[in-house]
Amino acid sequence: MSDVRSAGTGEALYEYPNGVITLTGLTSGASIDYSGGIELNFPDNEEMDIDSTLFFPDASNSPILGNNINFDTLGTPFFSDVDNLALSLSELQASSFNNQSGAGGGTAFFDPSAMFNSETGMRFGPVPADNLVAEPVPFEAEGTMGLAALGGFFWYRKRKQAKNN
């Protein structure tokens, strides 16, 4: 994933059209997957927004993240180089992000009868200040292949156990 804006400008925008955003409840463990791709926007070294690459859900991309998830220190520099995505994600993993944003996210579902084909669902936020990234997830093909191989391994083990029973 590369910065679609000019490098070295102090702002960055990374887009992964095939990405899926998964939000998991801290206490419930319930999760929801958002399709429509992933957009990571760093307007400056104090803020990061997570959003869908789509403005509205459609029949094959529903639900999507209808409002961005906003993390903003409101004046305290946090990221040392937003043009380096790996570094920015590792900085999120290494220390707490003192999120001061009051913005919340939302869920948009496809509704063919709605004016812009979307129905607003669950709203959430603001996101509390905490360590946001447990493990940086690779967005490249190698990461996808690794997950596919791991899935194949578990399928094989399950199949083998079923035969032995």
Ala103 to Thr24: extension gain in nm, 0.36 nm per residue of separation minus the Cα-Cα distance?
26.6 nm
Leaving ligands, DNA and RNA out of it, rank Leu26, Leu85 by accessible area with a 1.4 Å probe, largest first.
Leu26, Leu85
Please give the peptides 48-55, 13-20, 105-112 ranked by average Cβ packing (other Cβ atoms within 10 Å per residue), highest first, as a rough proxy for protection.
48-55, 105-112, 13-20
Please list 3J(HN,Hα) in residue order for segment 14-20, calculated via the Karplus relation 6.51 cos²θ - 1.76 cosθ + 1.60 where θ = phi - 60°; whole Hz, with x for glycine and proline.
10, 10, 10, x, 9, x, 10
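The values are calculated or read from the model by the stated rules, or taken from the named source; none is laboratory data. Bear in mind that the values here come from a model prediction, so they are computed numbers and not experimental data. Note that each Cβ is placed from the backbone with ideal geometry, even for glycine, and that neighbours are counted across all protein chains shown. Note: accessible area is taken over every heavy atom of the protein model, side chains too, but ligands, DNA and RNA are not part of it. Shrake-Rupley method; radii C 1.70, N 1.55, O 1.52, S 1.80 Å.
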